[in-house]
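Just below is one structure, and these are the notes that go with it.
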Amino acid sequence: MAKQELTCDDILKELRAKQYRPIYYLMGEESYYIDLIADYITDNVLNETEKEFNLTVVYGADVDVATIINAAKRYPMMSEHQVVVVKEAQAVRNIEELSYYLQKPLHSTILVICHKHGTLDRRKKLAAEVEKTGVLFESKKIKDAQLPAFIASYMKRKGVDVEPKATAMLADFVGSDLSRLTGELEKLIITLPVGQKRVTPEQIEKNIGISKDYNNFELRSALVEKDILKANKIIKYFEENPKTNPIQMTLSLLFSFYSNLMLAYYAPDKSEQGIANMLGLRTPWQARDYAVAMRKYSGVKTMQIVGEIRYADAKSKGVKNSSMSDGDILRELVFKILH
């Protein structure tokens, strides 16, 4: 039976219980979870006095494998553990040679390897050695459909509730860069009025700079409801405020929505829960727009719309387009979606 991979929460739970491993090889496309684990180890394993002698932080571009191994082989001074953190480890040449150290690692050393924007080849010896003695963790990019659930659970841990519309506005506007997203969430928490524990669309508008009435979430709602007047009002606003509403972001979100709508037609169960299950959404309310859109658009029309969004995307990048502005491209696209 395949070994179940540890999640970020599993690893943090172990660390909080002071169950430490000799190596944590943290890799992948999503920097947020790599930083979360590495920062927890750096901040919490050693006290401030112990850190003076027993915390070593190096950068991949400045060290070779021999230097890392030598650092890991040192014994701690007046402490049970020493922590060695290698940041930007993707820049270390011949990182494979670390496998020799891992055959007999020092258990008083906690070696943290932060390998961002890529992964270790799991077929190689190093991956096997890491899994044998420590943690091999892959931090994967979160899917757009999972963002509302991420926002809700992050804020819940902070004791703050977020209205569904506010969640959708944030997910659409900030996107899946979790470091930036959590930064915006922290900003919202700080700016909440005293005694208030609920984030509303008005707060998003005031503190993040997204209009609560004119945003990609509202454009999507207008298209789902086939509200021609509302859709055109939003496009006019986008045209007048291009910096906060770039066309690429709008097209990307529309493409994601209508591509998911195509998948929703294949759901064996067409209820909101059934659609949520098909699309990997955490809650049925996230599937509500898809359920409504399926009543307004046929499968064939949805396929045509996906093609039109691709065509609009090419035009926005100058392909077969010499004179149309971003506003004109969006206006034409919305006309084709609604008619």
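For the chain, averaging the sequence separation of C-alpha pairs within contact (under 8 Å, six or more residues apart) and dividing by the residue count gives a relative contact order of 14 percent.
Subtracting the Cα-Cα distance from 0.36 nm times the residue separation, let me have the gained length for ARG123 to VAL306 in nm, one decimal.
Values: separation 183, 0.36 × 183 = 65.88 nm, distance 3.81 nm.
Gain on extension, ARG123 to VAL306, equals 62.1 nm.
Result for the chain in a Gaussian network model with C-alpha springs under 10 Å: among LYS18, LYS270, LYS73, the largest mean-square fluctuation is at LYS18. Say R0 is 51 Å: what FRET efficiency, to the nearest 0.05, do LYS233 and ASP269 get from their beta-carbon distance? Efficiency at R0 = 51 Å is approximately 0.90. Between the labelled values (i) 49, 19, 16; (ii) 46, 22, 20; (iii) 31, 25, 19, the entry that holds semi-axes √(5λ) of the Cα gyration tensor in Å as derived from this structure is (ii). For the stretch 142-206, the fraction of 1.4 Å probe accessible surface lying on carbon and sulfur atoms is 54 percent. Once you've got the GNM for the chain with C-alpha springs shorter than 10 Å, pick whichever of LEU136, LEU15, LEU147 has the biggest mean-square fluctuation. It is LEU15.
Could you state, as a whole-number percent, how many of the C-alpha pairs of the stretch 142-206 are farther apart than 18 Å?
24 percent
With only alpha-carbon pairs counted, each pair once and no self-pairs, how large is the Kirkwood hydrodynamic radius of the stretch 287-339 in angstroms? Don't skip to the answer; put the middle values down first.
Working: mean 1/r = 0.0828 Å⁻¹.
That comes to 12.1 Å for the stretch 287-339.
Per residue, the accessible area of the stretch 1-43 comes to 55 Å² when a 1.4 Å probe rolls over the protein heavy atoms. Per-residue ellipticity at 222 nm, computed for the chain from helices alone with -39500 (n - 2.57) per DSSP H run of at least four residues, works out to -16500 deg cm²/dmol. Per-atom-type breakdown for the stretch 225-336 gives carbon and sulfur 57% of the accessible area (1.4 Å probe, protein chains only).
Surface exposure of the stretch 142-206, expressed per residue as accessible area with a 1.4 Å probe, stands at 47 Å². The stretch 225-336 gives an Rg/Rh value of 1.01, both radii derived from C-alpha positions and Rh following Kirkwood.
Leaving ligands, DNA and RNA out of it, rank TYR258, TYR59 by accessible area with a 1.4 Å probe, largest first. Numbers along the way, then the final one.
Numbers: TYR258 0, TYR59 105 Å².
Result of the area sort, largest leading: TYR59, TYR258.
Computed from backbone phi with θ = phi - 60° and the Karplus coefficients 6.51, -1.76 and 1.60, the 3J(HN,Hα) list for the stretch 234-247 is 5, 4, 4, 5, 4, 4, 7, 10, x, 5, 8, 9, x, 4 Hz; x is used for glycine and proline. Would any residue of the stretch 219-240 have its amide N under 16 Å from a label point 7 Å out along Cα→Cβ of MET324? List them or say none. Correct set: 235-236, 239. Report, in listed order, any pair from LYS156/LYS317; LYS87/LYS143; LYS51/LYS116 with a Cα-Cα distance greater than 29 Å. With Cα atoms farther than 29 Å apart: LYS156/LYS317. Here the Gaussian network model covers the chain, with springs between Cα atoms less than 10 Å apart; of VAL112, VAL45, VAL194, VAL194 fluctuates the most.
So for the stretch 56-134, averaging the separation of alpha carbon pairs under 8 Å that are six or more residues apart and normalising by length, what relative contact order in percent results? Don't jump to the answer; show the numbers that get you there.
Values: 109 pairs, mean separation 27.2, N = 79.
Once divided by the residue count of the stretch 56-134, the mean separation gives 34 percent.
Solvent-accessible area per residue in the stretch 252-339 equals 53 Å², computed with a 1.4 angstrom probe and all protein chains kept.
The values are calculated or read from the model by the stated rules, or taken from the named source; none is laboratory data. Model, not experiment: these values are computed from the prediction. We place every Cβ from the backbone using ideal geometry, glycine too, and count neighbours over all the protein chains shown. Note: accessible area is taken over every heavy atom of the protein model, side chains too, but ligands, DNA and RNA are not part of it. Shrake-Rupley method; radii C 1.70, N 1.55, O 1.52, S 1.80 Å.
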